[in-house]
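Peer 1: First the structure, then my questions, so here it is.
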Protein chains: 2
Amino acid sequence: MQEKLKNTELFTALGDDALSLLANYFKVVNHKKGTILIHAEKVEPYFYILETGIARAYSIGENQQITFWFGQAGDVLLSYNSYINNKPGYENIELLEDSVLYQIHLRDLFELYNEHLPLANWGRKIAERELIATEKRLIDRSFKDATERYRDFIVQSPDLIKRVALKHIASYLGVTQVTLSRIRAACK
Amino acid sequence: MQEKLKNTELFTALGDDALSLLANYFKVVNHKKGTILIHAEKVEPYFYILETGIARAYSIGENQQITFWFGQAGDVLLSYNSYINNKPGYENIELLEDSVLYQIHLRDLFELYNEHLPLANWGRKIAERELIATEKRLIDRSFKDATERYRDFIVQSPDLIKRVALKHIASYLGVTQVTLSRIRAACK
DNA sequence: GCCCACATTTTACAAATGTTAAAAAATAGA
DNA sequence: TCTATTTTTTAACATTTGTAAAATGTGGGC
């Protein structure tokens, strides 16, 4: 495993032995830009950690896709409904750049969770951190207008602004692409 | 612990020994309607499970409160930022009815998590389920208009519609009370 | 029963955002 | 480089939602 990944916030909390135990099960995989790693209509049996690249999670409606999450280096890519309920999910995950990932089968991961306490607590923290981030975004949808959300996004995710198509950022912020364009024109 | 609580989805997954271990640490507490159980500006050291009653979590902005979560019997009440980061949170939790709760100190809960594997995995599932629910709500904010969200809410939470003030439901749905009133008038 | 405090609805108007279509700009491939 | 495709912007108009204030409804205490 790359040193830089070991130093992400997600891994520093794990002890060395938990880390090397986990590393035994990880398989490094490469995927091209455009790969759909997780399909909403399937039970997806893998848990991924992104080493390099950018990903987006999106749901498909009648006339549109809604991007509701972006993943960057060190983030976990997962179909939560597969993981928890062993059922197809609501999210697709697409790689927006050529990517390197660590892959582990959910079967193996759950076995580790049931054998190794620090890992079980590590899995708990992954979900808890994601929950806090998601709740804050939900709250921001009410407290802040689209312009404020866009400004915050620029500050908090400067990499994403540079590397992700604006149409995806628009739906992530909860507006249409036309509205985002207007906001950007007004900000100049 | 009440039988009915043991039969909630949250507890049936736990084995009997994990349940009785947990029960040793729970203290039953009663609180009046209106009690603010969790304060956003404080590190709150307790984890609660609601036995009877209804609660809401809300954040305070400049001119308004936003209710972003409702808790019913069997749900966990918690300041996630206290729990995970040992820092003050973004959420207040208010009891909307006289309530009976199980209370455990975070110190004790973390000790259990570090000793007892089934409990650590139970804690993981609590956060994961909450995450799925929150992500779905965030996605619904984009896919569905306020009228559809209100109709869904009536179907999915018939108890809350009866027992919670509409001003709280309005902000939970992401609209003002005026808009909710208009929706309700149109639905008649 | 009456009054008070609070919740909800209604109204009129303003602001923000969506929709559709088209033009302009950027990007990828041959 | 040139073309084809996709992305982004712009425009005009429709719709939804917000704001502020007044009116109405509701429940508890005296």
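Peer 1: Which whole number gives the average, over all residues in B:81-92, of C-beta atoms from other chains lying within 10 Å of the residue C-beta?
Peer 2: Counting other chains' Cβ atoms within 10 Å and averaging over B:81-92 gives 2.
Peer 1: Can you list residues whose amide H is under 5 Å from A:PHE68's amide H, if they're 5+ apart or on another chain and H is modeled 1.01 Å from N?
Peer 2: Correct list: A:ALA57, A:TYR58, A:SER59.
Peer 1: Roughly how many nanometres apart are two label points built 7 Å out from the Cα toward the Cβ at A:SER181 and B:ILE161?
Peer 2: Result for the modelled spin labels: 4.0 nm.
Peer 1: With chain B treated as a Gaussian network of Cα nodes joined by springs under 10 Å, which of B:HIS168, B:HIS39, B:HIS116 yields the largest mean-square fluctuation?
Peer 2: In the Gaussian network model the winner is B:HIS116.
Peer 1: Hand me the GluC sites (Glu not before Pro) from segment A:32-63 located in a DSSP loop with no more than 11 other Cβ atoms within 10 Å, in residue order please.
Peer 2: Those satisfying the criteria are A:GLU41, A:GLU62.
Peer 1: Still on this structure, please answer the following. May I ask for the equivalent-ellipsoid semi-axes of the protein assembly as shown, computed as the square root of five times each C-alpha gyration tensor eigenvalue and listed largest first in whole Å?
Peer 2: Equivalent ellipsoid semi-axes, largest first: 31, 30, 18 Å.
Peer 1: In deg cm²/dmol, rounded to 500, what helix-only [θ] at 222 nm does chain A give when every DSSP H run of at least 4 residues adds -39500 (n - 2.57) and the total is split over its residues?
Peer 2: Estimated from H runs of four or more residues: -14500 deg cm²/dmol.
Peer 1: Please give the direction-averaged projected area of the C-alpha convex hull for segment B:106-188, in square nanometres with one decimal.
Peer 2: 7.3 nm²
Peer 1: Mark the label point 7 Å from the Cα of B:GLN72 along Cα→Cβ and return the residues of segment B:145-159 whose backbone N is within less than 12 Å of it.
Peer 2: Output list for this probe position: B:153-159.
Peer 1: List the residues, sorted by chain then number, that are 5 or more residues from A:GLU97 or on another chain and whose placed amide H is less than 5 Å from its amide H.
Peer 2: For A:GLU97, whose amide H was placed from the backbone, the distant partners under 5 Å are A:GLY34, A:ILE54.
Peer 1: Considering the Cα positions of segment A:3-112, please state its Rg to one decimal place and its Dmax as a whole number of Å.
Peer 2: 14.1, 48
Peer 1: Counting only protein heavy atoms and rolling a 1.4 Å probe, how much accessible area do B and A lose on contact, total for both sides, in Å² to 100?
Peer 2: 3700 Å²
Peer 1: Moving on. Residues of segment B:141-157 losing 40 Å² or more of accessible area relative to the isolated chain, 1.4 Å probe, heavy atoms only?
Peer 2: So the qualifying set is B:ARG141, B:SER142, B:PHE143.
Peer 1: Right, here's the next one. Here is the link list: A:LYS162/B:LYS136; B:LYS42/B:LYS162; B:LYS87/B:LYS125. Which ones come out longer than 25 Å on Cα distance?
Peer 2: A:LYS162/B:LYS136; B:LYS42/B:LYS162
Peer 1: At 30 angstrom or more along the helix axis (alpha-carbon based) and mean Kyte-Doolittle of -0.5 or higher, what helices does chain A contain? Whole DSSP H runs only.
Peer 2: A:117-143
Peer 1: Amide H of A:ILE38: which non-local residues (sequence gap of 5 or more, or other chain) have their own amide H closer than 5 Å, using H built in the peptide plane?
Peer 2: A:ILE93
Peer 1: Which residue, chosen from A:TYR83, A:HIS31, A:ALA57, occupies the Cα position most advanced towards the positive end of the dipole of segment A:1-114, where the dipole is computed from +1 (Lys, Arg) and -1 (Asp, Glu) charges on Cβ about the Cα centre?
Peer 2: Selected residue: A:HIS31.
Peer 1: Next question. Send over a whole-number figure in Å² for the accessible area per residue of chain B, probe 1.4 Å.
Peer 2: 48 Å²
Peer 1: For segment A:3-112, which whole percent of the accessible surface, found with a 1.4 angstrom probe, sits on carbon and sulfur atoms?
Peer 2: Exposed carbon and sulfur together represent 46 percent of the surface.
Peer 1: Using a Gaussian network model on chain A with a 10 Å cutoff between Cα atoms, which of A:ASN121, A:ASN63, A:ASN85 fluctuates the most?
Peer 2: A:ASN63
The values are calculated or read from the model by the stated rules, or taken from the named source; none is laboratory data. This one's a predicted model, so the numbers in the text were calculated from it and none came from an experiment. Cβ atoms come from the backbone with ideal geometry, glycine included; neighbour counts cover every protein chain shown. With ligands, DNA and RNA removed, areas are computed over all heavy atoms of the protein, side chains included. Shrake-Rupley method; radii C 1.70, N 1.55, O 1.52, S 1.80 Å.
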